[in-house]
Amino acid sequence: MRVSYRSCCGGRVTVYEQKGHLRFCCQEMRDEWGILIGFGVRGHPRTTSREVNLFTLHPQSSGTVIPGITEVRYCPWCGVEIEVVRLK
């Protein structure tokens, strides 16, 4: 799996944005991309996270839901290493 990104400085914080074509390692990764797994934070095209992450939801007793991200370095379905490459 290969994911390309670009970085830009937004003041004091560097932000990252997925760019270019994705090269998927398996059909399961292709099917779940952007839903269960993806670059950065789900729903945000620019993010301070430059990793590929699993997206989770954590319901709270107050009724709110806190989104979570967990970095993954290998495909959870086929085990292929995930390459995150910076474009210049």
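Restricting to the range 1-43, what's the tally of residues that are more than 14 Å from V84 (Cβ to Cβ) and charged (D, E, K, R)?
Result for the range 1-43: 6.
Considering only the range 30-72, state which residues are charged (D, E, K, R), over 9 Å from the mean Cα position of the chain (by Cα) and closer than 24 Å to V13 by Cα.
Result: R46, single match.
Answer yes or no as to whether P45 is farther than 20 Å from K19 by Cβ and modelled with pLDDT under 95.
Considered against the rule, which asks whether it is farther than 20 Å from K19 by Cβ and modelled with pLDDT under 95, P45 comes out as no.
List the residue pairs whose Cβ atoms are under 8 Å apart, where the first residue sits in the range 9-22 and is without any contact (Cβ under 8 Å) to a residue 40 or more places away in the chain, the second is assigned to a loop (DSSP other than H, G, I, E, B) and among the hydrophobic types (A, V, I, L, M, F, W, C), and the two are 6 or more positions apart or on different chains.
Partner pairs satisfying both residue conditions: L22/M1.
So is G11 at pLDDT below 95 and either surrounded by 11 or more Cβ atoms within 10 Å (Cβ to Cβ) or more than 22 Å from G79 (Cα to Cα) (or both) or not?
Spelling it out, G11 is indeed at pLDDT below 95 and either surrounded by 11 or more Cβ atoms within 10 Å (Cβ to Cβ) or more than 22 Å from G79 (Cα to Cα) (or both).
Against the condition of a type in the set (K, R), touching a strand residue (DSSP E or B) at 6+ places or on another chain (Cβ under 9 Å) and buried (at least 16 other Cβ atoms within 10 Å of the Cβ), how does R50 come out, does it pass?
yes
Restricting the search to the range 74-84, which residues are closer than 22 Å to Y16 by Cα and surrounded by 11 or more Cβ atoms within 10 Å (Cβ to Cβ)?
Answer for the range 74-84, where residues must be closer than 22 Å to Y16 by Cα and surrounded by 11 or more Cβ atoms within 10 Å (Cβ to Cβ): Y74, C75, I82, E83, V84.
Pairs, please: C-beta under 6 Å, at least 6 apart or cross-chain, first residue closer than 12 Å to V72 by Cβ and in the range 42-59, second aromatic (F, W, Y)?
Qualifying pairs under 6 Å: V52/F39.
The values are calculated or read from the model by the stated rules, or taken from the named source; none is laboratory data. What you see is a predicted model; the values in this text were computed from it and never measured. Backbone-built Cβ (ideal geometry, glycine too); neighbour counts: all protein chains shown.
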